[in-house]
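Peer 1: Handing you a structure now.
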Amino acid sequence: MQKEALRLRVNGSLREALVPHHRSLLDFLRDDLELTGTKRGCDDGSCGACTVLLDGCSRLSCITLAHGVPGRSVTTIEGAGQPGRLSDLQLAFISEGGLQCGFCTPGMVLAAGALLQRIPHPSEEQVREGLSNNSCRCTGYGRIVQAVRRAAGAPEETP
Amino acid sequence: MIGLPSFRLHRPTSIEEAVGLLAEHRDDAKLLAGGTDLLVNLRHGLATPSHIVSLAEVPGLDRIDCSPEHGLTIGALSTLESLATHPGVEESFPVVVRAARTISGPTLRAMGTVGGNLCLDTRCHWYNQSFFWRQACGFCLKKDGTACHVAPGSSLCWAAYSGDLAPAFLVLGAEIKLLSVRGERRVPLDRFFLDDGLRKFDMASDELLTQVCVSATRAHLRGVYSKLRIRGALDYPLAGVAAAARIAGGGTFHEAALALTAVGPRPFLVEGATEILEGLRANDEDAIERVAHLARRLSNPMNTTWAMQPAYRRLRVGLFARDALREMGERGP
């Protein structure tokens, strides 16, 4: 098994490990760095639970090789806010009830963050399209969309 | 959890080094671009190379140059998202952007590449499964087995080509460039795809697709791409129709072309459509119906998916073709 030293900037810190060539970025984050906030769902790129940010763009870590993204900066859910202080987006997910079992939430929050970087004030349709690579098996999409729009400054919706 | 099999990863830093590695390892190597197709197939044992040649550090393959004077050239490593959001391509070659926007969702579009989408592996519900699943069914003709479960007795594999970009490029008469240590060759896209889900492409194992080119003479054609799928995002096409045409001042069809995807082992142009429509009024319902019928007749979807019946997919090909021609006649690009 071919192993090679891997250096990646993860959540702002330079991390190093001896990693086999066939290690996925997801396995590297979860098993080597013990950053288990990134979830393993389908393992084939269809659920979005493993979404991380690569230089600010959303990326599915289960179908990305750890050695395949040299020199890039990775952000996981552990790096989404400041230590001890959640990001506005995370707070919006909480205040709007944008989670049920919570398994899809790390991926949803990161994909939503990437969306808001591209489109700071998205319409409901743009949020739905922007999160279309992320599945919520509790089907709590309505409140997730609401949370993202609230974080983007949209007024509170009355039921 | 299904782990990735062991392999040696090569990270060439030039295109010459990349084709050199392909020439050295031939069938025992696979190219890695966005990874959205290959890494899934590796997990399922559908590809078992000892060497993976990553293109992540090869510069210069991700440029999109678009102008009405010089036409369109797209580097094979351009991401699907960069194509889907390119204002110049949308203006001059709208059918390409319309097709790109239907692919999966934004995260996968930012990973997947134009070259990867064109060279997508063919898909079938007997094939795109885990090793355990396939083994339990005695494998299939496409991988590890000898019999086709879709067409028992067939010596050809009927797995469906499922790329969305190919039909859009086909209606624009695109060419592709293939590079190897033996040199570069240009291939008209309609001759690149083979009618066999197993062999798929006219491309040797040491060749690298570097560029897609569309002539400036095909700029500003109106274009439509319609895709049949279960969900509004994420899914591969179960049938896809691309159409392009120039609508002359008097409201007549010129250079009209239709191409189909996901209804057979290769995407293909609807032969005869251009001749039927040339010079006819864009509201000629008889001609539109004749072309729609032709498209439906030429499509040959098989039972390669549980999601929809072949008969329904075929029916929708005809409806998509009819609606695309009507839409191009009625309004601008």
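The values are calculated or read from the model by the stated rules, or taken from the named source; none is laboratory data. Keep in mind that what you see is a predicted model, and the values were worked out from it rather than measured. Methodologically, a virtual Cβ is constructed for each residue, glycine included, from the backbone with ideal geometry; neighbour enumeration extends over all protein chains shown. Areas reflect the complete protein model, heavy atoms only, side chains present, ligands, DNA and RNA absent. Shrake-Rupley method; radii C 1.70, N 1.55, O 1.52, S 1.80 Å.
Peer 1: Could you list, in sequence order, all residues of segment A:134-145 that are open to solvent by less than 30 Å² (accessible area, probe 1.4 Å) and not in a loop (DSSP other than H, G, I, E, B)?
Peer 2: A:I144, A:V145, listed by residue number.
Peer 1: With respect to B:R11, is the statement that it is under 26 Å from B:L198 (Cβ atoms) and within 12 Å of another protein chain (Cβ to nearest Cβ) true?
Peer 2: The answer is no for B:R11.
Peer 1: Name the one entry in B:L83, B:L61, B:L72 that is open to solvent by less than 30 Å² (accessible area, probe 1.4 Å), in contact with a helix residue (DSSP H, G or I) (Cβ under 9 Å, 6 or more places away or on another chain) and in a strand (DSSP E or B).
Peer 2: B:L72
Peer 1: Of A:E125, A:E129, A:E96, A:E78, which residue is closer than 21 Å to A:K39 by Cα, at pLDDT 95 or above and charged (D, E, K, R)?
Peer 2: A:E78
Peer 1: In segment B:12-39, what residues are among the basic types (K, R) and touching a helix residue (DSSP H, G or I) at 6+ places or on another chain (Cβ under 9 Å)?
Peer 2: B:K30
Peer 1: With more than 14 Å from every other protein chain (Cβ to nearest Cβ) and of a type outside the set (G, A, S) as the only criterion, which of B:V97, B:V58 stands out?
Peer 2: Exactly one residue qualifies, and that residue is B:V97.
Peer 1: Select, from A:G48, A:G71, the only residue that is in a loop (DSSP other than H, G, I, E, B), within 12 Å of chain B (Cβ to nearest Cβ) and open to solvent by 50 Å² or more (accessible area, probe 1.4 Å).
Peer 2: A:G71
Peer 1: Same structure again: Pick out the one residue from A:L110, A:L99, A:L115, A:L131 that is within 12 Å of chain B (Cβ to nearest Cβ) and surrounded by fewer than 24 Cβ atoms within 10 Å (Cβ to Cβ).
Peer 2: Criteria check complete, one pass: A:L115.
Peer 1: List every residue pair whose Cβ atoms lie under 8 Å apart, where the two residues are 6 or more positions apart in sequence or sit on different chains, the first residue falls within segment A:16-31 and is within 22 Å of A:G48 (Cβ to Cβ) and open to solvent by 30 Å² or more (accessible area, probe 1.4 Å), and the second residue, located anywhere, is assigned to a loop (DSSP other than H, G, I, E, B) and aliphatic (A, V, I, L, M).
Peer 2: The qualifying pairs are A:R23/B:L4.
Peer 1: Just name the residue that is farthest from the other protein chains (Cβ to nearest Cβ) out of those in segment B:197-224 that are open to solvent by 20 Å² or more (accessible area, probe 1.4 Å) and part of a strand (DSSP E or B).
Peer 2: Among them, the one singled out is B:R222.
Peer 1: Kindly provide the set of residues from segment B:14-55 that are among the basic types (K, R) and at the interface with chain A (Cβ under 7 Å from one of its Cβ atoms), ordered by number.
Peer 2: B:R43
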